[in-house]
1. Taking the radius of gyration and the Kirkwood hydrodynamic radius from Cα positions alone, what is the Rg/Rh ratio for region 107-390, to two decimal places?
2. Taking the alpha-carbon centroid of each part, what is the distance from region 334-398 to region 198-212 in angstrom?
3. What stretch of the chain, leaving out the sites themselves, is the longest with no GluC sites (Glu not before Pro) in a DSSP loop having at most 15 other Cβ atoms within 10 Å?
4. Within the set of other residues whose C-beta is less than 14 Å from the C-beta of N242, count the net charge using Lys and Arg as +1 and Asp and Glu as -1.
5. Neighbour counts of other C-beta atoms within 10 Å: give me Y67, Y300 arranged from fewest to most.
6. Please state, to two decimals, what the Cα-based radius of gyration of region 31-91 comes to when divided by 2.2 N^0.38 Å (N = residues).
7. What residue among P86, A279, V32 has its Cα farthest toward the positive end of the dipole of the chain, where the charges are +1 on Lys, Arg and -1 on Asp, Glu, each on the Cβ?
8. Among H30, H77, H110, what is the fewest-to-most ranking by other Cβ atoms within 10 Å?
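What follows is calculated from the coordinates using simple rules that are stated; it is not laboratory data. Given the structure is predicted, the values throughout are model-derived calculations rather than measurements. Cβ coordinates were reconstructed from backbone atoms using ideal geometry, including for glycine residues, and neighbour counts include every protein chain displayed.
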Amino acid sequence: MITSKKSDLGGTEEALTGGEPCEWQRELQHNVTTVEGLEEYLPLTPAERRDLEQVTAAHPMNIPRYYLELIDPGDPHDPVRKMAVPATEELIVAGDMGATTGDPYGDDKHDKGNGILHKYPYTALVVTTEYCSMYCRHCFRKRMVGLPNDQTVKSFRQAASYIAAHPEIKNVVMSGGDPLLLPTSALKSMLSELRGIKHLNYVRIGSRAPVVFPMRFFDDELIELLADFNREKPLYLPTHFNHPREITPTAREAVRRLRSAGVTVNNQAVLLRGVNDAADTLAELMDGLLRIGVNPYYLYQCMPVTRVRHHFQVPLKEGVDLVDAARAKMDGYAKRFKFIIGHDIGKLEICGRIDDKLILKQLHARPGHQDESSRMLVRRLTDNGGWLDDLPECSLSS
Ligand code: SF4
């Protein structure tokens, strides 16, 4: 549960610290956070036990009981397990896939202080909390999620003032961590700071709670708050389903409740080795999302994140083929997602390949590089290259 913070989250400090925990907060207190606790659910070898102690010292473990129950305890290669349970491979900081970084998206360069990241002129992202209901092992914000850091908003009122003073900002992403782990009263204060800003067209709340902790949406007060805000400005909830087994009846109910509040739910999956790196799995995932009313939006190439890249990233040569093979099985709505590299220079769509050349289109460009937005890029595919920087530049004719 989120406890006391020395901060002014738009007058919500009391809400963060006081009061009896409600049902979803009490459930979070049962999350598995220790290796001993994990052993009650999953058998571990002595070597695994030793390694996990070491891994969790660097990147904490935090798994809701709901999500643990989706794991097959008899299968050490279970795809759901890979996303939740720390692995020995996290101890590998350098390996075959190439260099790694803590900040692959270049967020730190666009940090305006007080939790605001302002990379593209039209979008501001506010890091509202470093907490999540689960600490995903593949997280690209692994450098800060679940760990003390100074990149979280201290005063949401000041963050809202920054946004109000920048009329070029058309939309805000409330991110983290997971903003929906904040008490509903704290969220209410934050949203009330945003609702009067005229130049904001819409607000996004990024949350993996529909996938890993869907009981958060059984809080009627939250649903009423979202419905109320949505009457003022459209609310979008980017979420993060990666595997069809995550689409459970409980997750479906969470999404149904969000949709009943008028919230549009878009999915941003990540292509992950051992999780969804098969055409059938990806097709099943996108079809399953449509079945519960979630729009397939992005499929990210796994970023070169330290302690993530070497066991989760799929080489682009393999990835582009398997995404095309998956798309061949999908109807029009299922294949609307874009296969994306979230790069330091901006967001790039992987359009496909011609022979050994990868064709990309830049979708967003950093400030001062507007000439790069909407450009096409061509790179030569290599056997292991998993990131733009790994692939030599070339032209279509060379
Ligand atoms: S919920 Fe999102 S931010 Fe939190 S650990 Fe998982 S991927 Fe990272």
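1. Reported Rg/Rh, Kirkwood definition of Rh: 0.95.
2. Comparing the Cα centres of region 334-398 and region 198-212, I get a distance of 27 Å.
3. Longest run free of exposed loop sites: 169-398.
4. The answer is +2.
5. Y300, Y67
6. In units of the globular-protein estimate, region 31-91 measures up at 0.99.
7. A279
8. By the 10 Å Cβ count, ascending, the order reads H77, H30, H110.
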